[in-house]
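Heads up, the thing below is written out as structure tokens.
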Amino acid sequence: MSSVAQQFTAERKVPFSQQFSSAVVELPPLFSGILPADYAAISAAARSRTFARGEMLYLGGDAVNQVLLLTSGYVKVTHISRSGAEVILRLGTPGDVLGAMNLLSTGRYDTTAQAFRSCRALVWEARVFKTLAERFPVLQRNMVGILCESLLELEERFREVATERVGPRVANQLLRLQEKIGRPTEDGVELGLSREELAQMTGTTLFTVSRLLSAWEACGMVKPSREAVTICDLGALRAIAQES
């Protein structure tokens, strides 16, 4: 067992419905169609764990030993290339499930998951979740739906890398992120990610992202800082995203 799966902190069992942040108003996709009476059995089999910022949830290549359902905060899901470069595939948000598809396919994590900010998750031991998936087949159907949505997003990002200039590509990614992790401020919508992380998500370089953000800042569109980008003019950003 890898070190990231050994110590559970703040372990406690609480009602399933109380696990999610107030921002989550609907059932997470994993549990769509599951009867309310079944929540108790599912949640009772999980532990609640808090992950500090930067803490690893699991490492790519390790055997799947747990399945996680994010209930608050954000998780960075990455892949490391053969040259050692990190690529951010997506940001997990409350309601996202991590590790389930790997458990039921190869049995090994094919990505690495790291707490992007402090986060909390429901955690099932792998064998327990597998038993639940067999008991409640709707879980497997829901996982297929979740996988399809993730693939569609990755396909769209690949299309952007292959066909669009870097400006529209970065603008599109900022617009997607503002819907996922945006936080309203006096200046606009703040995204808590660095320029390097934005570059990793858009298939470009830190230099290029920095140059773009500086130009957009001069136009009043964004306000970048060390570990955040604030979108000040969504309309102008959407116009750039639509450029061919």
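The values are calculated or read from the model by the stated rules, or taken from the named source; none is laboratory data. Owing to the predicted nature of the structure, the values given are computational and were not obtained by experimental measurement. Positions of Cβ are generated from backbone atoms using ideal geometry, with glycine treated the same way; all protein chains shown enter the neighbour counts.
Which residues, counting only those in the stretch 54-82, are over 16 Å from A100 (Cα atoms), touching a strand residue (DSSP E or B) at 6+ places or on another chain (Cβ under 9 Å) and outside any strand (DSSP E or B)?
G54, E55, G73, Y74, S81, listed by residue number.
Among the residues of the stretch 35-48, what is the count of those that are in a loop (DSSP other than H, G, I, E, B) and either on the phi > 0 side of the Ramachandran plot or at pLDDT below 85 (or both)?
Initially, the stretch 35-48 is screened for residues in a loop (DSSP other than H, G, I, E, B), giving 35, 45-46.
Subset that is either on the phi > 0 side of the Ramachandran plot or at pLDDT below 85 (or both): 35.
Going through the stretch 35-48 one residue at a time, the tally reaches 1.
For R53, indicate whether it is of a type in the set (K, R), free of Cβ contacts under 8 Å to residues at least 40 places away in the same chain and surrounded by fewer than 20 Cβ atoms within 10 Å (Cβ to Cβ).
So R53 does not fit the description; no.
It is to be established whether one or more residues within the stretch 201-209 are in a loop (DSSP other than H, G, I, E, B), among the β-branched types (V, I, T) and not assigned by TED's automatic domain parsing to the domain that holds I88.
Looking for residues that are in a loop (DSSP other than H, G, I, E, B), among the β-branched types (V, I, T) and not assigned by TED's automatic domain parsing to the domain that holds I88, one finds at least one in the stretch 201-209, hence yes.
Would you pick out the residues in the stretch 119-141 that are part of a helix (DSSP H, G or I), over 17 Å from G95 (Cβ atoms) and not basic (K, R)?
Answer for the stretch 119-141, where residues must be part of a helix (DSSP H, G or I), over 17 Å from G95 (Cβ atoms) and not basic (K, R): A126, V128, T131, L132, A133, E134, Q140.
Give the residues of the stretch 171-189 that are surrounded by 12 or more Cβ atoms within 10 Å (Cβ to Cβ), assigned to a helix (DSSP H, G or I) and within 18 Å of the chain's Cα centre (by Cα), sorted by residue number.
N172, Q173, L174, L175, R176, L177, Q178, K180, I181
Across the stretch 117-148, what is the number of residues that are among the hydrophobic types (A, V, I, L, M, F, W, C), out of contact with any helix residue (DSSP H, G or I) (no Cβ under 8 Å at 6 or more places or on another chain) and modelled with pLDDT of 90 or more?
Qualifying residue count for the region: 4.
Take the stretch 83-96 and flag every residue that is of a type in the set (A, V, I, L, M, F, W, C) and either part of a loop (DSSP other than H, G, I, E, B) or surrounded by 15 or more Cβ atoms within 10 Å (Cβ to Cβ) (or both).
A85, I88, L89, L91, listed by residue number.
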